[in-house]
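Below: the structure, in structure tokens.
The values are calculated or read from the model by the stated rules, or taken from the named source; none is laboratory data. Because the structure is predicted, anything quoted here is derived from the model rather than measured. Don't worry about glycine lacking a Cβ; one is built from the backbone with ideal geometry, like all the others, and counts go over all protein chains shown. Each accessible area value is taken on the protein alone, full model and side chains, heavy atoms only, with ligands, DNA and RNA left out. Shrake-Rupley method; radii C 1.70, N 1.55, O 1.52, S 1.80 Å.
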Amino acid sequence: MPFWDKEMETLPRAELEEMQVKRLKATIARSQRSVFYRTRLKEIDESRFNKPEDVALLPFTTKTDLRNNYDFGLVTVPKNEIIRMHASSGTTGKATVIFHTRKDIETWAELVARCIVMTGAGKGDVFQNIISYGLFTGGLGLHYGAEKVGMLTIPSGVGNTKRQIQLMKDFKTTVFHATPSYILYVSEVMVEEGYDPNGFDLRIGFVGAEPHSEKTRQRIEDTFDIDAYNSYGMSELNGPGVAFECEEKNGMHLWEDRYLLEVVDPRTGEELAPGEEGELVVTTLDREAMPIIRYRTGDLARIVDEGERCACGRTHVRISRIKGRTDDMLIVKGVNLYPSQIEDVLMSFPEVAATYQIVLKRESSLDTLTVRVELNPKLFDGDLRKLKKLEYEITKNIQDEIEVRPTVEFHEPGSLPRSEGKAVRVIDLRGEL
Ligand code: AMP
Ligand code: ZN
């Protein structure tokens, strides 16, 4: 089984935790050089930190803190040591900007290299990075890691789908990186263009940047006849390379020599028992330009098999698939639900294509939930009786899952909007009506 940094990836837990404490202390000291943490951590005495859990003695950092301290408020180095800036892809409010020194970029690439090699990809592979380059971290993040491990890297970016397919064909791409929604769209265009998505040289896909269900992963795997691995990260914590699946596909290893993880109750901020689902809170452990302490990621997940060694041999903690963001939660007729629950049901019907939309409206003060789906033209022959039956089954299965009865609407294949970046799944019109 291949490793990029075997010693670090399989470090015994006691040593890993010792390293975390040492790095946490150093991070606290360093962060106090920034305008923001100098005040925030004024009274903190580093000698009180003796185990990783002691991180809970520190205050949280939120996205609002980052916004309020735009632009250089969290930076701990002279400006001329910064060599890169990125920003979060958030569409609301002021952007969140992140800075890196040369060493930070190097460390980030190392982490991504670990992730790549962990899936069985590496030197000799042709890697097509089908994701946005620019302020978004997905493009350059994977790019540097891919070059480090020695893959032939094609920075194809996102969009221009026919050209993506041409590149895959001409250069015999074996590994890609994409959002789940975009890569499934690529498969539709392949079919339109007369190709069989199964007939390329692809063998591995890295999919991430947005929530997707296990069923969606299976669909990607079946469509292209590949292994697909979940990739998790965010610009505030570098970008991709925070947590990634190994060949076991049973949770994503989060690199604990670089990140200290907590899972808290999103309402109270209290630490949860191991295995409970909550909000991921992460502290960077060796970032130079912009250390972040106890960052409220807004992402919901749980720890899988804490402390138990994964069959791959790595000792670093595994987190579950991300269920969604705390702010993705929808309250419909008083019921809390996540779009990913609906997606899971939809993707279990092969007759349904990958693009869908959830539309919420309020009619005479009652919430309505409509799920718009497209039929898969290959698997649906237009028989009306079958259509009725399918509608009934999808409606029932969604209702069983979320306890709200949806209206299921069928749309022409290709008629719902596609996105090249993170897909927009929910249209909430309740405030407007
Ligand atoms: P950005 O900083 O713009 O890259 O956005 C990061 C956010 O994208 C994370 O906080 C998550 O909400 C989401 N995200 C990234 N990777 C995944 C993934 N593998 N599964 C689910 N959500 C993800
Ligand atoms: Zn593993």
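Computed values, structure above
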{"item": "Condition check for ILE204: free of Cβ contacts under 8 Å to residues at least 60 places away in the same chain, in the same structural domain as GLU18 (by TED's automatic domain parsing) and either open to solvent by 10 Å² or more (accessible area, probe 1.4 Å) or within 21 Å of GLY141 (Cβ to Cβ) (or both)", "result": "no"}
{"item": "Check on ARG362, away from ligand 1 (no atom under 16 Å from the Cβ) and either open to solvent by 40 Å² or more (accessible area, probe 1.4 Å) or within 23 Å of the chain's Cα centre (by Cα) (or both)", "result": "yes"}
{"item": "Options LEU74, LEU58, LEU16: the member that is farther than 26 Å from ALA109 by Cα and touching a residue at least 60 places away in the same chain (Cβ under 8 Å)", "result": "LEU58"}
{"item": "Count of the range 414-433 residues which are aliphatic (A, V, I, L, M), over 19 Å from the mean Cα position of the chain (by Cα) and open to solvent by 40 Å² or more (accessible area, probe 1.4 Å)", "result": "3"}
{"item": "Near pairs, Cβ below 6 angstrom, 6+ apart or cross-chain, from the range 392-413 (open to solvent by 60 Å² or more (accessible area, probe 1.4 Å)) to any residue that is part of a loop (DSSP other than H, G, I, E, B)", "result": "GLN399/ARG405; PRO413/PRO377"}
{"item": "Residue in the range 86-136 that is modelled with the lowest pLDDT, counting only those that are among the charged types (D, E, K, R) and away from ligand 2 (no atom under 16 Å from the Cβ)", "result": "LYS94"}
{"item": "Per-region count, the range 280-333, residues of a type in the set (Val, Ile, Thr), part of a loop (DSSP other than H, G, I, E, B) and either closer than 20 Å to LEU24 by Cα or touching a Lys or Arg at 6+ places or on another chain (Cβ under 7 Å) (or both)", "result": "4"}
{"item": "Number of the condition not met by GLU288 [criteria: (1) surrounded by fewer than 22 Cβ atoms within 10 Å (Cβ to Cβ); (2) within 14 Å of ligand 1 (Cβ to nearest atom)]", "result": "(2)"}
{"item": "Residue in the range 301-308 that is of a type in the set (Lys, Arg), open to solvent by 40 Å² or more (accessible area, probe 1.4 Å) and more than 15 Å from GLY251 (Cα to Cα) present", "result": "no"}
{"item": "Any hit, the range 62-73, residues being closer than 24 Å to GLY208 by Cα and either crowded, with 20+ Cβ neighbours inside 10 Å or of a type in the set (Ser, Thr, Tyr) (or both)", "result": "yes"}
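Listed here are the residues, each with its yes/no results for (1) free of Cβ contacts under 8 Å to residues at least 40 places away in the same chain; (2) assigned to a helix (DSSP H, G or I).
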site	(1), (2)
GLY159	no, no
LYS162	yes, yes
ILE165	yes, yes
PHE176	no, no
LEU184	no, yes
